[in-house]
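Accompanying notes for the structure given below.
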Amino acid sequence: LDNLANVGAFFKLKNWGIEQAIEVGVVKHHSCTADKTAPLSINYIKAILDRGGTVKYLSMDEPYWGGQMTVSGQTCGYTMDQSAAQTADFINRVHAVYPSVQIGSIEPYPALSVDQIKAWVLKLEELGAKPAFFHVDGNHEHPAYRTEDMRVLRDFFKTRGIPFGVIFWTDGKVNDQ
């Protein structure tokens, strides 16, 4: 952060009208609860603000998926409802300090199905933690990837009033044909 501030990056972004975002871990195999992850995000926002930056968005990095994953033997072992409860707690904690920050969710597709993604968003809404936006982290080269699913999700999110986007990534295999 100091290097970015020292070269005037935050000042330049602000002058160019470019919004700034942070991708944050909310529910991860190593940090399963909002009482651990929210203070880290709050401190990071403060550090950026102290250096002349702004933070308009927080992108939550796969909190539903993160609650289920096992990495190096570590896991939260959460159900969707448990991950949603921690995610709602995270959003409430961040908004208590920075109410204007828009907090959205990223979840993997097709690792999570369309129905699971819909259920996740409905659960967050039920808990009063409607995401400000939603991005599908989609592996378009996965055999289960269906373009039609993106249209279904687009329509679902439109009815919920939630901006929707798709992140394309690859498993590293490139098909040049």
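The values are calculated or read from the model by the stated rules, or taken from the named source; none is laboratory data. Note that this is a predicted model, so its numbers are computed, not measured. As a convention, Cβ positions derive from the backbone with ideal geometry for all residues, glycine included, and neighbour counts pool all protein chains shown. These area figures cover heavy atoms from the full protein model, side chains too; ligands, DNA and RNA do not enter into them. Shrake-Rupley method; radii C 1.70, N 1.55, O 1.52, S 1.80 Å.
Structure values in brief
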item: Single residue of G128, G73, G53 found to be free of Cβ contacts under 8 Å to residues at least 60 places away in the same chain and either within 17 Å of V26 (Cα to Cα) or of a type in the set (S, T, N, Q) (or both); result: G128
item: Those residues of the stretch 111-125 which are free of Cβ contacts under 8 Å to residues at least 24 places away in the same chain and not hydroxyl-bearing (S, T, Y), in sequence order; result: D115, L122
item: Filtered residues of the stretch 158-169 (kept if open to solvent by 70 Å² or more (accessible area, probe 1.4 Å) and either of a type outside the set (V, I, T) or in a strand (DSSP E or B) (or both)); result: K158, R160, P163, F168, W169
item: Residue, modelled with the highest pLDDT, within the stretch 123-157, restricted to residues that are of a type in the set (D, E), surrounded by 14 or more Cβ atoms within 10 Å (Cβ to Cβ) and farther than 18 Å from E62 by Cα; result: D149
item: The stretch 64-80, residues that are in contact with a His (Cβ under 8 Å, 6 or more places away or on another chain), surrounded by 15 or more Cβ atoms within 10 Å (Cβ to Cβ) and outside any loop (DSSP other than H, G, I, E, B); result: G66, T75
item: Members of the stretch 83-97 found to be surrounded by fewer than 16 Cβ atoms within 10 Å (Cβ to Cβ) and either of a type in the set (V, I, T) or in contact (Cβ under 8 Å) with a residue 12 or more places away in the chain (or both), listed by number; result: N92, V97
item: Any hit, the stretch 36-50, residues being among the polar types (S, T, N, Q) and outside any helix (DSSP H, G or I); result: no
item: Tally, over the stretch 30-63, of residues that are buried (at least 21 other Cβ atoms within 10 Å of the Cβ) and farther than 18 Å from R93 by Cβ; result: 1
item: Unmet criterion (only one of (1) in contact with a strand residue (DSSP E or B) (Cβ under 9 Å, 6 or more places away or on another chain); (2) surrounded by 15 or more Cβ atoms within 10 Å (Cβ to Cβ); (3) over 25 Å from I162 (Cβ atoms); (4) of a type in the set (A, V, I, L, M)) for L4; result: (1)
item: Test result for V27, crowded, with 16+ Cβ neighbours inside 10 Å, within 25 Å of P163 (Cα to Cα), in contact (Cβ under 8 Å) with a residue 60 or more places away in the chain and of a type in the set (A, V, I, L, M, F, W, C); result: yes
